[in-house]
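For reference, the structure I am asking about is given below.
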Amino acid sequence: MSARPILLVAGGAGFIGANFVRHVRANRPDWQVRVLDALTYAGDRRRLDGAGCELIVGDIAHRPTAAAALQGASWLVNVAAETHVDRSLLDVEPFLHANVLGVQRLFEAARLAGVAKAVHVSTDEVYGETRGGAFRETDALAPRNPYAASKAAGDLMLLAAWQTHQFPLCITRGVNTIGPWQHPEKAVPLFTINAIRGQPLPLYGRGAQQRDRLHVDDHASAILTVLERGEPGEVYNVAADNHCDNLTVAQRICARVGAPPSLIHFVTDRTGHDWNYALDAAKLRALGWERRYDFGAALDAAVDWYLASPDWWEPILEGEFQAYYDRQYGERLAGAEAFRA
Ligand code: TYD
């Protein structure tokens, strides 16, 4: 019997990573899945409970750790990243460490280890905002916040690695993703958890900005599609065409939870708040991928999961998150205007 091929998922204890691990375990039962994760504030080994994978705790920017984790691996998927825009406005250094230096070192280690194919998970934010029209993979990168700039830098390092070493890698650029186990700092889990607890939902500006929202299992199937069928050196946009403004999202969350919409509060906007991101995903669809969740199905599935899972999110609200929350929202919520239906 031949040995089972090994897939290393870097950042596999994060939100998209853990959902991807579960998607692979369910759909490719013959693969062995190994996770490398630094377990920063955003990583949580509980996301992998019962997932059937090995977990190595370590930093992708630490060369010996990356090399050891890659030993014997046929494939690499990198989902390890600092991802929260608001935190990048407070301190950008961790973003440079993970999203640029870490990415460079991890993929260099993968090349030296002879990995046959690698996928790097990036973001729609590298293209900058749009006020009409959807970005294609060939469009120029124009990031507008420190998080997005760090992801763009990582993408450029990897495209250079492909050009100079022909290391067979693909990049995916996904839209806002929602679903189980997303950290409570992000809009959909934050709004849902606050609605459940009867706390104010802090909506930036007037809530008019829009996002395209993709269910995390659809994002996972896109990554797997690109790993198996993507052309080396190519970038693939991942979009759901589920655009909706933030106020409507907050209202729908309140309705689903059974909370009064007057919990929604308009707070001082994020500086440099991108108006919208929109991607053309025709290139990915040409590989045979399609999304299963439309906007309502994706949002309702996410909200229902938080309603059913206080055991997961309640412990996260203490400690580090509490300090972050107070810093981010304390002043903003004092005297904020409530939404009137
Ligand atoms: P977020 O989940 O942080 O993702 P991103 O900024 O990467 O798109 O935010 C999604 C949208 O929700 C974005 O337009 C900002 C808005 N938002 C709020 O209005 N209030 C909040 O407290 C947060 C975290 C986000």
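Working carefully through the options A134, A113, find the one that is hydrophobic (A, V, I, L, M, F, W, C) and either without any contact (Cβ under 8 Å) to a residue 60 or more places away in the chain or touching a His at 6+ places or on another chain (Cβ under 7 Å) (or both).
None of the others qualify; the one that does is A113.
Also, quick follow-up: If we scan region 27-38, do we find a residue that is of a type outside the set (G, A, S), in contact with a Ser or Thr (Cβ under 8 Å, 6 or more places away or on another chain) and in a strand (DSSP E or B)?
Yes, there is a match, as at least one residue in region 27-38 is of a type outside the set (G, A, S), in contact with a Ser or Thr (Cβ under 8 Å, 6 or more places away or on another chain) and in a strand (DSSP E or B).
When the residues of region 108-150 are narrowed to those that are within 16 Å of the ligand (Cβ to nearest atom) and of a type in the set (D, E), which ends up surrounded by the most Cβ atoms within 10 Å (Cβ to Cβ)?
D124
Right, next: Within region 247-282, which residues are crowded, with 20+ Cβ neighbours inside 10 Å and either more than 12 Å from the ligand (Cβ to nearest atom) or within 19 Å of the chain's Cα centre (by Cα) (or both)?
Across region 247-282, the qualifying residues are V249, C254, V257, A259, L263, D274, Y277, A278, L279, A281.
For region 213-223, does any single residue satisfy the condition of being crowded, with 22+ Cβ neighbours inside 10 Å, over 20 Å from V24 (Cα atoms), within 12 Å of the ligand (Cβ to nearest atom) and of a type outside the set (D, E)?
Checked against the condition, which is being crowded, with 22+ Cβ neighbours inside 10 Å, over 20 Å from V24 (Cα atoms), within 12 Å of the ligand (Cβ to nearest atom) and of a type outside the set (D, E), region 213-223 yields at least one hit.
Then there is this: Which ones in region 185-211 are within 8 Å of the ligand (Cβ to nearest atom), charged (D, E, K, R) and either outside any strand (DSSP E or B) or without any contact (Cβ under 8 Å) to a residue 12 or more places away in the chain (or both)?
E185, K186
Considering only region 159-184, how many residues are near the ligand (Cβ under 8 Å from one of its atoms) and in contact with a Ser or Thr (Cβ under 8 Å, 6 or more places away or on another chain)?
0
A further question follows. Among the residues of region 224-246, which ones are closer than 24 Å to W31 by Cβ and within 18 Å of the chain's Cα centre (by Cα)?
Across region 224-246, the qualifying residues are L224, T225, V226, L227, Y236, V238.
All but one of (1) small (G, A, S); (2) more than 20 Å from P260 (Cα to Cα); (3) modelled with pLDDT under 95 hold for A341, so report the exception by its number.
Answer for A341: the failing condition is (2).
Check region 286-305 and report whether any residue there is within 13 Å of the ligand (Cβ to nearest atom) and buried (at least 17 other Cβ atoms within 10 Å of the Cβ).
Looking for residues that are within 13 Å of the ligand (Cβ to nearest atom) and buried (at least 17 other Cβ atoms within 10 Å of the Cβ), one finds at least one in region 286-305, hence yes.
List the strands (runs of 3 or more DSSP E) inside region 44-137, counting only whole elements, that have at least 1 residues being touching a Phe, Trp or Tyr at 6+ places or on another chain (Cβ under 6 Å).
Ranges flagged: 117-123.
The values are calculated or read from the model by the stated rules, or taken from the named source; none is laboratory data. Every value quoted in this text rests on a predicted model; they were computed, and no experiment measured them. Cβ: placed from backbone, ideal geometry, glycine included. Neighbour counts: every protein chain shown.
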